[in-house]
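Written below as structure tokens is the structure these notes are about.
The values are calculated or read from the model by the stated rules, or taken from the named source; none is laboratory data. These figures come from a predicted structure and were not determined experimentally. No Cβ is skipped: glycine too gets one built from the backbone with ideal geometry, and neighbour counts run over all protein chains shown. Only protein heavy atoms, including side chains, enter the accessible area calculation; ligands, DNA and RNA are left aside. Shrake-Rupley method; radii C 1.70, N 1.55, O 1.52, S 1.80 Å.
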Amino acid sequence: MERTFIMIKPDGVQRGLVGEIVGRFEQKGFTLVGMKLMAVSRELAEKHYAVHKDKPFFAGLVEFITSSPVVAMVWEGDNVVTSARTIIGATNPISSAPGTIRGDFGITIGRNLIHGSDAIETAQSEIALWFQEAELASWDPAVKGWLYE
Ligand code: IDP
Ligand code: MG
């Protein structure tokens, strides 16, 4: 079963949107297999966003992600990587559709509430970066037969 890494950024936690955001993935039918509230070290933030290290917004992004706790999660389900990106919405909330997390709750690109892995390989490396194997629980939701044919 496919897995993806999702992180509620400091603005989502500070604004009291953790329950709302977790609920959207639950309601879709995805399975939560790992979750922790944590302060992010500069080292972890820099590794997570390494692909953006030469961008002008990199320093501010690392500053933001380390400024207040985040909620790191792993979600599981068919096509969860792509589907989570759809639920999250476009990077810039100006262009995120209503009904998406960023479209419903965000205004600016630097405070867009949530991260989701952009591909299966990225998801695998991000899950390994943020979680130990023992922090993830594999379980079969009782409703599985009502979610998948
Ligand atoms: P994504 O989060 O939708 O995958 P990326 O392009 O990978 O978007 O950028 C990572 C994060 O960097 C964004 O979610 C956003 O928080 C931040 N970011 C991207 N572009 C800008 C920018 O132009 N200004 C400020 N922050 C940005
Ligand atoms: Mg990205």
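Hey, could you check segment 11-49 for residues that are farther than 19 Å from Leu136 by Cα and hydroxyl-bearing (Ser, Thr, Tyr) and say which is farthest from ligand 2 (Cβ to nearest atom)?
Per the criteria, the residue is Ser41.
I need the full set of residues from segment 88-120 which are among the charged types (D, E, K, R) and either more than 14 Å from ligand 2 (Cβ to nearest atom) or open to solvent by less than 40 Å² (accessible area, probe 1.4 Å) (or both), in order please.
Arg102, Asp104, Arg111
Please specify each residue of segment 1-49 satisfying the condition of being of a type in the set (Gly, Ala, Ser), surrounded by fewer than 16 Cβ atoms within 10 Å (Cβ to Cβ) and more than 18 Å from Ser125 (Cβ to Cβ).
If the condition is that a residue be of a type in the set (Gly, Ala, Ser), surrounded by fewer than 16 Cβ atoms within 10 Å (Cβ to Cβ) and more than 18 Å from Ser125 (Cβ to Cβ), then Gly16, Gly19, Gly23, Ala39 are the ones that fit.
Cβ-Cβ distance below 9 Å, separation of 6 or more or different chains: which pairs start in segment 104-128 with a residue that is in a loop (DSSP other than H, G, I, E, B) and end on one that is within 11 Å of ligand 2 (Cβ to nearest atom) and among the hydroxyl-bearing types (Ser, Thr, Tyr)?
Every condition considered, the pairs that remain are Asn112/Thr91.
Please go through segment 7-35 and pick out each residue that is touching a helix residue (DSSP H, G or I) at 6+ places or on another chain (Cβ under 7 Å) and farther than 24 Å from Gly145 by Cα.
Ile8, Lys9, Pro10, Asp11, Gly12, Leu17, Val18, Ile21, listed by residue number.
Among what's in segment 50-87 and is open to solvent by less than 20 Å² (accessible area, probe 1.4 Å), in contact with a Phe, Trp or Tyr (Cβ under 7 Å, 6 or more places away or on another chain) and not in a helix (DSSP H, G or I), pick the residue that is farthest from ligand 2 (Cβ to nearest atom).
Checked segment 50-87; the qualifying residue farthest from ligand 2 (Cβ to nearest atom) is Gly77.
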